[in-house]
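Here's the structure we're looking at; comments come further down.
The values are calculated or read from the model by the stated rules, or taken from the named source; none is laboratory data. The model shown is predicted, which means the values in this text are computed figures rather than measured ones. Reconstructed Cβ throughout: ideal geometry from the backbone, glycine too, with neighbour counts over all protein chains shown.
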Amino acid sequence: MVATAAIPVNLEDEIDRLKKDRNAVILAHYYQESDIQDVADFIGDSLQLAQAAAKTTADVICFAGVHFMAETAKILNPGRTVVLPDLEAGCSLASGCPADRFAAWIAKYPGAAVVSYINCTAEVKALSDYIVTSSNAEKIVRSIPEGQTVLFAPDKNLGRYLEKKLGRKLVLWQGSCVVHETFSLRKLVGLKERHPKALVIAHPECEEAVLAMADYIGSTTALLEYAVASPATELIVVTEPGILHQMEKQAPQKTFIPAPPDANCACNECPFMKKNTLEKVYLALRDLQPRIEMTPELIARARKPIERMLALS
Ligand code: 13P
Ligand code: SF4
């Protein structure tokens, strides 16, 4: 049973106090709510968050992100406590690639290199040769000898983008991100007509036709850096709109326009990332729950391809 003391009025101060008491660190992804980003010790893309997790000396990691990210932090820190504010913060890419089906798929390609996007479960990582993120996938796949078959899972859109970049055929798992598939090409064309000077920047999880309209494609950190450094004063951002918080903080004089979803909904927001709230971050630090736990055997197997990625990054 989790203790149910009253929720304090000033959550930010209480979170600060708990961080010191517990020797805890908050790692947050850019898609988190702005108030969570503002209490985080480190904000980054998936690769930077894995690197930060590998380096931390804190006793407790409160991972404000989704399950596969917190799992990666635990794999890199088996001896530390890793808490995820809401255990149901999943990812459509990870849930669309169950380990048993993945194992059957790779068994059909003996001798192939198995490359998995970090957006997958620890069980799938344990069956992979390399883990990649959107910021290092091109470099890592390029390092695999030309003659070797490469299996890429679970994101078919990132996979297709890599095929184009590398001029090389990959065998693709047919998964996708529910958020990045929601952007409407028709509405994007309309936006571009109304803002002809705006640059379009997009995450590689978007569909091919949307990526074809982009002036720049990159991971969340790459998009942020590009948006800040670019001479453009108007940018249409085709990824989860949580990233706009840092863009607006770092370049307040610019206009950032979030790309609209197809339907009249907020489905360009990641429903999994948004499961975490500032109150749940506070409770996770207070109760050191919910924790990420895995068997030592799974941790050892999943760690190898993650370490290979960190060495190549
Ligand atoms: P990044 O690695 O670019 O932060 O992407 C993570 C993610 O889940 C995108 O949907
Ligand atoms: Fe997964 Fe898409 Fe959410 Fe990223 S935005 S965590 S890929 S569902």
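Brief remarks on what is shown
- Of the residues screened, E71 is one that is closer than 26 Å to C267 by Cβ, away from ligand 1 (no atom under 13 Å from the Cβ), in contact (Cβ under 8 Å) with a residue 60 or more places away in the chain and not hydroxyl-bearing (S, T, Y).
- Hey, P85 in contact with a strand residue (DSSP E or B) (Cβ under 9 Å, 6 or more places away or on another chain), not in a helix (DSSP H, G or I) and not polar (S, T, N, Q) or not: yes
- Contact map, segment 282-301: residues that are within 14 Å of E71 (Cβ to Cβ) paired with residues that are crowded, with 17+ Cβ neighbours inside 10 Å and charged (D, E, K, R), Cβ distance under 6 Å, separation 6+ or inter-chain. Pairs shown: I292/E71; I292/K74.
- Of the numbered criteria (1) within 16 Å of ligand 1 (Cβ to nearest atom); (2) under 16 Å from K274 (Cβ atoms), the one K125 fails is (2).
- All positions within segment 102-149 that are under 18 Å from L162 (Cβ atoms) and of a type in the set (K, R): K139, R142
- Taking segment 194-313 and the strands (runs of 3 or more DSSP E) fully enclosed by it, the elements with 2 or more residues that are closer than 18 Å to Q32 by Cβ are at 255-258.
- Residue within segment 33-43 that is touching a strand residue (DSSP E or B) at 6+ places or on another chain (Cβ under 6 Å), part of a loop (DSSP other than H, G, I, E, B) and within 13 Å of ligand 1 (Cβ to nearest atom) present: no
- All of I75, I26, I61 fail the test of being away from ligand 2 (no atom under 16 Å from the Cβ), out of contact with any strand residue (DSSP E or B) (no Cβ under 9 Å at 6 or more places or on another chain) and not in a loop (DSSP other than H, G, I, E, B), apart from I75.
- Looking only at segment 124-170, and only at residues there that are among the small types (G, A, S) and more than 17 Å from the chain's Cα centre (by Cα), the one that is modelled with the lowest pLDDT: G147
- Among the residues of segment 141-166, the ones that are surrounded by fewer than 21 Cβ atoms within 10 Å (Cβ to Cβ), assigned to a helix (DSSP H, G or I) and of a type outside the set (D, E, K, R) come to 1 in all.
- When residues of segment 106-135 are limited to those that are more than 18 Å from A302 (Cβ to Cβ), touching a residue at least 60 places away in the same chain (Cβ under 8 Å) and surrounded by fewer than 24 Cβ atoms within 10 Å (Cβ to Cβ), the one nearest to ligand 2 (Cβ to nearest atom): S135
- I61 over 21 Å from P78 (Cα atoms), among the β-branched types (V, I, T) and touching a residue at least 24 places away in the same chain (Cβ under 8 Å): no
- Every listed requirement among (1) away from ligand 1 (no atom under 16 Å from the Cβ); (2) under 21 Å from P305 (Cα atoms); (3) not hydroxyl-bearing (S, T, Y) is met by K169 save one, (2).
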